[in-house]
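No lab work stands behind these numbers, since they all come straight from the coordinates. None of these values were measured; they are calculated from a predicted model. Every residue, glycine as well, gets a Cβ built from its backbone with ideal geometry; the counts of neighbours run over all protein chains shown.
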Amino acid sequence: MTINKKKRLLYLSHFFFISGFLVMTLVAYFLVQSIRESFYQNRFENQYEFISLEEDGVVDPVQVFHGVKVNTFVEKESGNILFEVKDEPLAELKGFKIPADPEGMGDFAEAIQYQKVVENEKEFFIVAMQTTPNAEVLNAKPIKYRTYHINENGVVKESNFTIDTKSKLETQWIRGLLGEKHGYYTNLPYQKGGGISLVFLAFLGGIFFLGGVWLRRRVIRTEREQAA
């Protein structure tokens, strides 16, 4: 084996080694994050209890939670969605196609949703909404969300965020508004084919790593044969 060929094979083996190491590191990272996400989701489901607001199969847009009245309706002139707390308008959502006379919160599902949850025997009322119009979403603009968190004392807390600035709880409150689930640590467990992609990457990384080992052994074996 000539010196130039030997160098080329060694460089190639190093390339395979490094590529395999990087791919396996990526696989390990997503695997660890997926495990963390699964534990987090299970812990959340054990910590919070969701209470149904349905009556006769419909969630009424007008709800009263510990003296706090919330209401969602369509403004007749503009067709925009108006959200009120204690008869005071807090949000106006534009660009959503909602029936002029919605029968319940199901007609508002893509824009705004109500949730009643219990944590450690304390009740909370959550209002989750998408404040970015659908037309802007189609133009690939970041989707903005807002939640109103009402506790048993009637205190209302407002939070504005995007998927990139979410908190742990907010990944849960906006879940019904999304076409796909978003995790706090990683989205991989909720993506279709995510597990297959991880297995494929692991296989690819293994091939690169073994290729590097095989090339290096070939160079060493050839050197020994030539020396003999």
Between helix 194-227 and the chain: long-axis angle, C-alpha atoms, 0 to 90°, nearest 10: 10
Projected label distance in nm at GLU158 and ARG218, using a 7 Å step from Cα toward the beta-carbon: 6.6
Separation of the GLU121 and VAL64 label points, Cα + 7 Å toward Cβ, nm: 2.6
Rough spin-label spacing in nm, given labels placed 7 Å along Cα→Cβ, for PHE200 and TYR11: 3.1
Region 52-190: C-alpha gyration tensor shape, a/c 1.5 cut-off, then a/b vs b/c: oblate
Residues listed by number, region 19-33, amide nitrogen under 19 Å from ILE207 label point at 7 Å toward C-beta: 19-28
Low-density loop cleavage sites - trypsin sites (Lys or Arg not before Pro) in region 9-81, where at most 15 other Cβ are within 10 Å (DSSP): LYS76
